[in-house]
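Each remark here refers to the structure printed beneath this line.
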Amino acid sequence: MKYPPLYIIHTQACKYLTTEEAADLNKKLSKITIYGGRIFLRTFLKNFDIEVFKDKPLILEDIYLYNYLKYEITKTSIPRIGLIDLYEREVFLKTK
């Protein structure tokens, strides 16, 4: 993978938010010192409703993000393989 999984998720989530909402989310996340850690993920999930990836996706592949957050992330790991790797190759790198 070229990018960290939580960077990909954060970048795509900001597309669902207004400018003010994205700025508010970024302000809350900027207080986190480890970008790829569990604390960052917990803060992100408290401030963003991931159901939007499933219910109102901007592109069909956004369901990969929902399933990754819901089913592939465990209490002990944030994997860099699986759906997030597929999403990065098929969608994220093509839009960068």
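The values are calculated or read from the model by the stated rules, or taken from the named source; none is laboratory data. The structure presented is a predicted model; accordingly, all values stated were derived computationally and were not measured. Please note: Cβ atoms are built from the backbone with ideal geometry, for glycine as well, and neighbour counts cover all protein chains shown. These accessible areas exclude ligands, DNA and RNA; they are computed on the full protein's heavy atoms, side chains included. Shrake-Rupley method; radii C 1.70, N 1.55, O 1.52, S 1.80 Å.
Just one of the listed residues (Lys75, Lys31, Lys94) is open to solvent by 60 Å² or more (accessible area, probe 1.4 Å), assigned to a helix (DSSP H, G or I), among the basic types (Lys, Arg) and over 14 Å from Pro5 (Cβ atoms), and it is Lys94. Pairing residues of the range 1-14 that are touching a residue at least 24 places away in the same chain (Cβ under 8 Å) with residues that are assigned to a helix (DSSP H, G or I) and of a type in the set (Lys, Arg), at Cβ distances under 9 Å and at least 6 apart in sequence or on separate chains, gives Met1/Arg89.
Kindly check whether there is at least one residue in the range 78-95 that is closer than 13 Å to Ile8 by Cβ and of a type in the set (S, T, N, Q). So far as the range 78-95 goes, yes, one or more of its residues are closer than 13 Å to Ile8 by Cβ and of a type in the set (S, T, N, Q). Looking across the range 34-58 at every residue that is among the hydrophobic types (A, V, I, L, M, F, W, C) and part of a loop (DSSP other than H, G, I, E, B), the one that is surrounded by the most Cβ atoms within 10 Å (Cβ to Cβ) is identified as Phe48. Does Asp62 qualify as being among the acidic types (Asp, Glu), open to solvent by 70 Å² or more (accessible area, probe 1.4 Å) and closer than 25 Å to Leu86 by Cβ? Judged against the criteria, Asp62 is not a match.
Of the listed requirements (1) in a helix (DSSP H, G or I); (2) at pLDDT below 95; (3) over 11 Å from the mean Cα position of the chain (by Cα); (4) within 20 Å of Met1 (Cβ to Cβ), Asp85 misses just one: (2).
Flag: Ile63 does not match the condition of being of a type outside the set (D, E, K, R) and assigned to a loop (DSSP other than H, G, I, E, B). Within the range 4-37, the set of residues being aliphatic (A, V, I, L, M) and either over 21 Å from Glu51 (Cα atoms) or in contact with a Ser or Thr (Cβ under 8 Å, 6 or more places away or on another chain) (or both) comprises Leu29, Ile32, Ile34.
Pairing each residue of the range 73-85 that is farther than 16 Å from Ile50 by Cβ with any residue that is outside any helix (DSSP H, G or I), provided the two are 6+ apart or on different chains, yields C-beta distances under 9 Å for Pro79/Ile73; Arg80/Met1; Arg80/Pro4; Ile81/Met1; Asp85/Met1; Asp85/Pro79.
When the range 2-27 is examined, which residues are found to be touching a helix residue (DSSP H, G or I) at 6+ places or on another chain (Cβ under 7 Å) and loosely packed, with under 14 Cβ neighbours inside 10 Å?
Of the range 2-27, the ones touching a helix residue (DSSP H, G or I) at 6+ places or on another chain (Cβ under 7 Å) are 2-3, 5-6, 8-10, 12, 14, 16-17, 22, 25.
Lys2, the sole residue that qualifies.
Here's a check for you: in the range 5-28, which residue that is in a loop (DSSP other than H, G, I, E, B) and not basic (Lys, Arg) is farthest from the chain's Cα centre (by Cα)?
Here is the first cut: in the range 5-28, the residues in a loop (DSSP other than H, G, I, E, B) are 15-18.
If we keep only those that are not basic (Lys, Arg) too, we end up with 16-18.
On the way: Tyr16: 11, Leu17: 13, Thr18: 16 Å.
So the residue we want is Thr18.
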